[in-house]
Amino acid sequence: MGSRPPSPTLRTDSPGNGNGYFSAPFERFIRDEASDWTGAFTLLDTMETYFDSRLDLLQRQIQKHSDRLKMRAEEALKKRAPTGDLLAENFDREVKNFKVKVSARMASLVTSWHSAKVVRTREKISFFFGVMSLLTSALLFGLAPQWVHISYTLQGLYLLPMRAYKYKKRSWHYFLFDLCYYVTILNFIYIWLLPSSPSLFVACYCLSHGSLASAVITWRNSLVFHDSDKVTSLFVHIYAPFTFTVIRHFYSDAEVRFPALAQVPHLSPASAILLSSAIYVVWQLLYWKFVLVDRRTKIASGQRTTSFSFLLNDKRGAIGRVLSKVPPQYREGFFMGGQLVYSILTELPAVYLLYDSPMWSGTFLIFIFAVSVWNGGGFYIEVFGRKFERELEALRKELAETSSRSGRSSPSLTDGESLVGSPIMHSKSLPSLSPPSPDELLLETVPPIDNKKE
C-alpha cells in the first residue's frame, strides 16, 4: 500500500570483495530489524482493509434505513395532512366523474326527447289528415256527392294497408279476418267491378248499415284525430254506411253509375235478410276453418289474438260476461250463432226504415257519428286526465326524493362556501338546487283526479 515506507536497501556483497558498507554482525542486525518493520506494516494494512470494509457496509445500511424511514414519514404525512395539490387533484377527478354522469344523463334525455318528438309529429300528421278528411267528406256530401265513393276508395287504399302493416308487426293481423274488412272488400268489389249486381248491392247496403255501423257502438269507436288507429277503425265502420246512404239518397242520377239501383227501388225484407245472411254465413265458415281451426294452437297459446278471444277475455263487456258463463266446448258455436243473430237484428232498421227515407238515413248517420264523438270526448278527458294524474304523482315522488336526499346529505366546502356557489359547479352543468317555484308549489296543492273506467 502507499502508506508503507520503502525498505532500506541492503548490500549483501561479501566483504572480501570490498563492496560492503557495514560489518557482518551489523548487517545481520539491520536485516532482522527490517523484517520486523515489514511484518508490522503488513498487519496494519490488513486491519485497515478490514475496518474500512466494515465501516463502508455499516454506512450503507444506515443510509438505507434512513431512506426507508424518510419514505414512511412522507407517506404518513400525506395520509394525515393532504397537500393542496392532492386536494385539487381529487376534486378535479370527482368533477370529471360528475360531468361524465351528467353528459350520459343528457344524452339519454335527448334521445327520449327525439323519440317523443317523432311521436308528436306523427300524431300531428294523423290529426291533420283526420280533420281534413272530415271536412272534405262534408264538402263532398254538400257540393259533389258523386265523388264520395271515390273518396271512400282512396282513403281505404291508404288506411287499410297501413293497418295491415301495423297489425302484422304487433301480431294482431288475425283481426283483419273480421267481418268488417270482409264487407269493406265486398263494397269495393261492388263499386268498381260489379255496380250492376242487385244482389251484391243489397247485401253490401244491409251489412254496411247493420254490422259495420253498429260496431261503432259495440267496439266503442272514438273520434280521436291524433290516433291513426282509432281514425282507421272509425273509417271502416262509418264511411261504408255514409257512402251507401249517399249513393241511395243523395247521388243524382245514381242509376247511370250504379245500374243495380234501378232494379231495387224498394227492399224486400225477406230477400234482403236472406242475401245478407248468406254472405255472412260464407264469411263465418271461412273464418271458422282458416282461423279458429287451422290456427287454433297459436290462438290458444296466446301468440295470436282474435276478436273472439278478445271479447272472451273482456270481463267488463257484456259479451265477455255472457261467454264466460258458457261451457268452453260450446263457446265458439254460441259466439258464431250469436253473431248471426246480432247481424240480422242490426240490419232491420236498414231494411224497414233507412232504405226508403233520406231523413231517417241522415238521422241514423248523425246518431252513429255522435256516439263516436262522445267516445272521443271521453278519451280526451278521462284518459288524458288519468295520464296527467300519473305524471303529477311521479313529479310529487321525484320532488319528495330530491328533498329527502338534499336534506340528508347537503354537500358544503370547508370554508363555508355553498357548493352551488362554487365557480366550477356553474348553472349550465348542474340542475338547479333553488327552492321550488310558485307553480311547483301550486302543483302540489292540486287534488288527485277521480279514476273512472273508460
Label-to-label distance, nm, for residues given as Arg321 and Leu286 (7 Å Cα→Cβ offset): 3.5
Looks like region 205-275, by Cα gyration tensor root eigenvalues a ≥ b ≥ c and the a/c under 1.5 rounded cutoff (else prolate when a/b is bigger than b/c, oblate otherwise), is oblate
Pop the C-beta distance of Arg396 and Lys117 into the FRET formula with R0 = 30 Å and round what comes out to the nearest 0.05. 0.70
Cα→Cβ-extended label distance, 7 Å offset, between Leu194 and Val383, nm: 3.7
Charge tally for neighbours of Phe308 with beta carbon under 9 Å away, counting Lys, Arg as +1 and Asp, Glu as -1, is 0
For the residue pair Trp360 and Ile185, what label-to-label distance in nm results when each label sits 7 Å from Cα along the Cα-to-beta-carbon direction? 3.3
Past 30 Å, Cα to Cα, is the threshold; run Lys101/Lys169; Lys166/Lys325; Lys101/Lys168; Lys169/Lys387; Lys64/Lys96 against it and keep the listed order. Lys101/Lys169; Lys166/Lys325; Lys101/Lys168; Lys64/Lys96
Can you divide the C-alpha Rg of region 89-232 by 2.2 N^0.38 Å and report the result to two decimal places? 1.65
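Where a number appears in this text, it was derived from the coordinates with a stated rule and is not lab data. Please read these numbers as outputs of a predicted model, since none were measured by experiment. Here the Cβ is made from the backbone with ideal geometry for all residues, glycine too, and neighbour counts use every protein chain on show.
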